[in-house]
Structure formats: C-alpha cells, structure tokens
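Written below as structure tokens is the structure these notes are about.
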Amino acid sequence: MSWLLVGSENAAIGFPATTEVLRGGGTATDAVLTAIRAVERNLDDHSVGVSGLPNLLGEVELDASIMEGTGLRAGAVGALRDHGDAIDIAHRVMLELPHAFLAGDGGGRFAKELGFPVEDLSTEASRAIWTQRATEAGERSTYFRRMRELVAETTSDPQFPEPPHGTVDVIAIDESGAIVCGVSTSGWAWKYPGRLGDSPVIGAGNYADARYGAAACTGRGEMALRCCTAHSVVTFLRFGMTLEAALTLAAEDLRQLDDPYASEMNVVGVTIDGRHGGVSTNPGKTYVWQSDAVDGVQTASRLHIPLKAS
C-alpha cells in the first residue's frame, strides 16, 4: 500500500521531512511525530508548541495526543507547562505508562523524568500578542465577562483577527497500511488556566481505528468535546457511511450545541483505504495532503457545513 499524509493547513511545514521518513520505510507513528514536531518548533505559529499564546495569566499550556489505529493505543498530555515537546511526551505516555493521559504537573514531572528539556515556551512575539488584550483582565472584570469581551475584540496581529484557537493535526498511513493520528495545540489563547480542549482527549479531537480510518479536529475544542466529534466520524465509517457523509453528519451534530462561544470547527478524516476529506463550519477552509503518487504538498478544500442549517 502507498503512504499518505493528511493534516491541517499549518502541518505543511512538517511534510517535507515527513515524506522522507515515509519514503525510507518509516512508520505512520514516526511520520506523525516528525510532522507535528516541526509545527511545535515553528515560532511563527502561535497556536502550537513553543511561541504558543498564553492563558489568562500569561502562562503557555500545551495539549497533545497521539493514537495508533492498530490496538487503539493512545497517549496524551494536557495543560503541560515548561516543555515544548508535547507530542513526544504524549507518545512516551503511550509507550511507557499504564495510563493514556497525564495532565498538569503530572505531565511535567513525567517529562523531567524522561529528560525532556525545561524551557520558556513564550517568545517576545507571543507575549506581545497576548498583551494586546489580556493586560487588564485581572483588574477590570471577572474572567467570564472578560472572556466574552475577548471573543468580540480583534487584534492588530494579521494571524489572529479573531481570538485564536488553532491546532495542528496529522493523520498518516504508512506502506504497511498502519494508520496513526496526532494532534498538538497551545489551546485557546487567554483561556482559563487548566482549561483542556479536545486535542488531548481521545475520541473528541483525535481518533484512529485500523479497521475503518481516523479523524482529527481543530478549532473550538469545547464543541468537539461535547459531541465526541473525531470518534463520531470513525463510528459513522464503521456503520458504512462514505467519508463525505461521515464528516458531514459529524459537523451537523455541532448544531445541537447550546454554546454562546460557538465558533469555527474543522475536521479531517481518512479511511483505511486512503480516501481523505475535510469539513469546516466556516467557508473557504482547506487542508493539506501528500502521498507517494504526487509531487509536493497538495491543498484540498473542506466541505462547508455551517453551524446553522439554511
């Protein structure tokens, strides 16, 4: 079987190195780790890893998960501080612990035991963006009122005309046919400390099953958490739906949410035989993919399924 890479648009920066891994016979797990590492170290991406935008208190907290379709093995970390290698630490949770998920100080302790470096995750650029809106949050309002204000405000940074809650996700199939999915994020900027979105939660933002396929989400994680969106896509595939139908139904399920903060949600999906697709609640959104049958990173449009039915 040929190899395949599919991911959110910001994953493209990691595809060149990842294709070399797959061309060299590397596994789907190797591919997912390689692609996401590149995004976690991309200082121009303020939604993932080092240089991610901080929480309400100015602290960067990272979430990540990885899942192998064979055996449904998974590992995740949430609210991880002072360590930029979130996807690798999540992977080591899967490999070395009887657990699937570590959060907060536990994830940091585990990372130190494994020898992952302690580092400052903020940068001058990310702190400047954070300061644009968060400086007065503690003095002038409760968190809840201030968060509503932040949702309505804009920023002068061209990356984030709206409140950022970006993420990177990557799904890989290797030459053996194994399928693996990974997700990493710094979460919703200005979030309440300790907030976990869907990215580290298996079944919400990330799910892979070697019998059917895989799916992953980016966007407002609370929405995918409440709808188990990634697992839903794979379940719909299990019940015989086409990938397009499975993605569409999962997106339509989001319409049931009573959520005053409802915003963009994006999903990518891959079937075990290599079909791929994406969906978004916002128009004009894309995802990236590459296989051994094409030259270079390809861009594909996501189906637009608005949050409100027409």
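Just a few scattered comments:
- Failed condition for Ala204, given (1) within 19 Å of Leu72 (Cβ to Cβ); (2) part of a helix (DSSP H, G or I); (3) among the aliphatic types (A, V, I, L, M): (2)
- Selection count where residues are touching a Lys or Arg at 6+ places or on another chain (Cβ under 7 Å), surrounded by fewer than 23 Cβ atoms within 10 Å (Cβ to Cβ) and under 20 Å from Arg195 (Cβ atoms), scope segment 56-100: 2
- Residue within segment 244-262 that is among the aliphatic types (A, V, I, L, M) and at pLDDT below 95 present: yes
The rows are residues; the columns are (1) within 30 Å of Asp105 (Cα to Cα); (2) in contact with a Gly (Cβ under 9 Å, 6 or more places away or on another chain); (3) modelled with pLDDT of 95 or more.
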site	(1), (2), (3)
Ala189	yes, yes, no
Pro193	yes, no, no
Gly205	yes, yes, yes
Tyr212	no, yes, yes
Ala215	yes, yes, yes
Gly284	no, no, yes
Tyr287	no, yes, yes
Val297	no, no, yes
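- Residue match in segment 267-281 (condition: crowded, with 16+ Cβ neighbours inside 10 Å, polar (S, T, N, Q), more than 30 Å from Gly194 (Cβ to Cβ) and touching a residue at least 12 places away in the same chain (Cβ under 8 Å)): yes
- Glu252 vs. criteria without any contact (Cβ under 8 Å) to a residue 60 or more places away in the chain, out of contact with any Pro (no Cβ under 9 Å at 6 or more places or on another chain) and surrounded by 19 or more Cβ atoms within 10 Å (Cβ to Cβ): no
- As a summary of the residue check, Phe239 satisfies the conditions (1) surrounded by fewer than 22 Cβ atoms within 10 Å (Cβ to Cβ); (2) more than 26 Å from Ser51 (Cβ to Cβ); (3) within 14 Å of the chain's Cα centre (by Cα) except for the one numbered (3).
The values are calculated or read from the model by the stated rules, or taken from the named source; none is laboratory data. This is a predicted model, so every value here is computed, not measured. Counting neighbours? That spans all protein chains shown, and the Cβs are built from the backbone with ideal geometry, glycine included.
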